[in-house]
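The values are calculated or read from the model by the stated rules, or taken from the named source; none is laboratory data. Quantities reported herein were computed from a predicted structural model and do not represent experimental measurements. Glycine also receives a Cβ, built like all others from the backbone with ideal geometry; neighbour counts cover every protein chain displayed. Protein only, heavy atoms only, side chains kept; ligands, DNA and RNA dropped before computing areas. Shrake-Rupley method; radii C 1.70, N 1.55, O 1.52, S 1.80 Å.
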Amino acid sequence: GGVILFDETIRQKASNGISIPDLILKNNSIPGIKVDKGAKPLAGSSEETVTEGLDGLRDRLKEYYKLGARFTKWRAVYNIGKKYPSSQSIKSNAHALARYAALVQESNMVPIVEPEVLMNGSHDIKRCYEVTTDVLNECYNELAIHKVDLKGTVLKPNMIIPGSECSAKVSSEEIAKKTLDCLKKNVP
């Protein structure tokens with residue numbers, strides 16, 4: 001198992017003086033770190049976001065490795081609506097995820113790649129499947145362009161579910177089946 005820390009937490013010490021990463025290791029877990037700077041408004045698309053944090057990331061990763069981190073996390077989020085996610089949002093976030101993953105591997109750590117299609121909205125399960133397919137395809141296209149070793153990554157995908165405001169309810173079995181099917185068809 002692993003523990004995802006924040007910048008502030010990875011620098012702290014327990015009451016006995018041991019660093020938090022060392023405390024995690026001592027308890028048979030692996031320390032990791034969230035390295036993105038959060039979702040910010042996407043220029044040219046007022047309803048969408050792009051995850052920021054690439055500026056200075058290489059240097060931050062070197063420091064986090066010295067502090068004990070061995071894996072990292074970066075989350076990109078996609079809303080489903082009538083006009084989105086736009087191709088601009090899908091491409092911008094996939095590009096950032098791939099640049100992040102390449103830098104993390106360069107720093108001898110494992111990147112958790114999290115392209116998350118959100119459950120907010122009135123979309124049905126079919127629309128979630130379609131959007132997730134587009135997001136995963138672009139993400140893996142960018143990972144290939146950036147020469148990321150896929151065997152050295154962890155994918156944290158979203159489930160394929162209808163939106164939280166969708167009137168059509170589906171069973172947990174159908175959600176599981178659609179999610180597994182989407183991953184099998186779209187993840188190399």
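Of everything in region 129-143, what is touching a residue at least 12 places away in the same chain (Cβ under 8 Å) and open to solvent by 50 Å² or more (accessible area, probe 1.4 Å)? Give them in sequence order. Step through it out loud before you land on a result.
Going through region 129-143, the residues touching a residue at least 12 places away in the same chain (Cβ under 8 Å) turn out to be 129, 131-143.
Selection gives D134, N137, N141.
Of all residues in region 36-75, which are open to solvent by less than 60 Å² (accessible area, probe 1.4 Å), among the charged types (D, E, K, R) and either within 18 Å of T9 (Cβ to Cβ) or in a loop (DSSP other than H, G, I, E, B) (or both)?
The answer is D36, R60, K73.
Can you tell me which of K126, K156 is modelled with pLDDT of 95 or more, under 23 Å from L97 (Cα atoms) and surrounded by fewer than 21 Cβ atoms within 10 Å (Cβ to Cβ)? Write out each step before concluding.
Working: K126 fails: under 23 Å from L97 (Cα atoms).
Step by step, each of K126, K156 is checked, and only K156 is modelled with pLDDT of 95 or more, under 23 Å from L97 (Cα atoms) and surrounded by fewer than 21 Cβ atoms within 10 Å (Cβ to Cβ).
Consider S107 against the criteria (1) of a type in the set (S, T, Y); (2) open to solvent by 30 Å² or more (accessible area, probe 1.4 Å); (3) modelled with pLDDT of 95 or more; (4) more than 21 Å from P188 (Cα to Cα): it satisfies all of them except one. Which criterion is unmet?
(2)
Name the single residue, out of those in region 140-178 being assigned to a helix (DSSP H, G or I) and under 14 Å from P115 (Cα atoms), that is farthest from the chain's Cα centre (by Cα).
Looking only at region 140-178, we keep the residues that are assigned to a helix (DSSP H, G or I), and these are 140-145, 150-152, 172-178.
Subset that is under 14 Å from P115 (Cα atoms): 140-143.
Values: Y140: 13, N141: 15, E142: 14, L143: 13 Å.
Top of the filtered list is N141.
What are the residues in region 12-35 that are open to solvent by 50 Å² or more (accessible area, probe 1.4 Å) and closer than 24 Å to V154 by Cβ, if any?
The answer is D22, L23, L25, K26, N27, N28, I30, K34.
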